[in-house]
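> This is the structure I want to talk about, given as structure tokens.
The values are calculated or read from the model by the stated rules, or taken from the named source; none is laboratory data. Not measured: the values here are computed from a predicted model. All Cβ positions, even for glycine, are placed from backbone atoms using ideal geometry, and neighbour counts span all protein chains on display. SASA here: full protein model, heavy atoms, side chains in, ligands and nucleic acids out. Shrake-Rupley method; radii C 1.70, N 1.55, O 1.52, S 1.80 Å.
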Amino acid sequence: MYLEIVSPEATLFSGEVTSVTVPGINGEFQMLANHAPIVSLLQEGTVKIQGNNVIIADANKAKFSKSNSGAITLAISSGTVEMKDNKVIVLAD
């Protein structure tokens with residue numbers, strides 16, 4: 001599936017991933033390929049990205065880190081997520 005993470009300043013990430021975990025306002029949840037369409041508000045927490053060959057642009061590398069499980073992580077303070085037709089868009093603050 002395709003993931004885009006957009007902040008008010010720039011597009012932080014765009015590319016193919018195998019899963020995305022986000023901090024929803026009712027708890028953390030994960031989206032995999034062919035997930036049902038969803039729109040949700042996000043709260044402060046961590047977006048976790050899993051995938052083969054996930055490449056972060058040099059300009060944005062400082063915003064991301066790698067967890068012990070091998071996931072790429074991004075701390076956010078709030079935002080929204082939309083999943084539809086195997087495309088996930090995270091609007092993050």
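> When a/c reaches 1.5 or more, the comparison of a/b and b/c decides; with that in mind, is region 14-67 rounded, prolate or oblate per its Cα gyration tensor? It would help to have the intermediate numbers written out before the result.
Values: a/c = 2.29, a/b = 1.36, b/c = 1.67.
It comes out oblate by the Cα gyration axes.
> Same structure again: Within a Cβ distance under 13 Å of LYS87, other residues only, what is the Lys/Arg minus Asp/Glu net charge?
-3
> Can I ask one more? Assigning unit charges at the beta carbon (Lys, Arg +1; Asp, Glu -1) and nothing else, what dipole magnitude in debye, to the nearest 20, does the chain show about its Cα centre?
Details: 6 positive and 9 negative charges, 43 e Å.
My answer is approximately 200 debye.
> Roughly to the nearest percent, how much of the accessible area of the chain is carbon and sulfur, given a 1.4 Å probe?
Numbers: 2600 of 5350 Å².
It is 49 percent, rounded to a whole number.
> Once phi is turned into θ = phi - 60°, what whole-Hz ³J(HN,Hα) does the Karplus curve with 6.51, -1.76 and 1.60 give for every residue of region 74-90, x standing for Gly and Pro?
Residue by residue, region 74-90 yields 9, 7, 10, 9, 5, x, 9, 9, 10, 10, 7, 6, 6, 10, 10, 10, 10 Hz.
> Okay, next question. For a protection proxy built on the mean count of beta-carbon atoms within 10 angstrom, sort 25-36, 71-82 highest first, please. Can you show the working numbers first?
Working: 25-36: 11.7, 71-82: 16.9.
Averaged packing, sorted descending, gives the order 71-82, 25-36.
> Oh, and also: For region 7-93, what relative contact order do you get, as a whole percent, if you take Cα pairs closer than 8 Å and at least 6 residues apart?
Computed over region 7-93, the figure is 32 percent.
> Taking only protein heavy atoms and a 1.4 Å probe, what accessible area per residue, in Å², does the chain have with all protein chains in place? Intermediate values should be presented prior to the final figure.
Working: 5350 Å² over 93 residues.
I get 58 Å² per residue for this part.
> Can you compute log10 of I(q)/I(0) for the chain with the Debye formula, treating each Cα as one identical point scatterer, at q = 0.23 Å⁻¹?
-1.27
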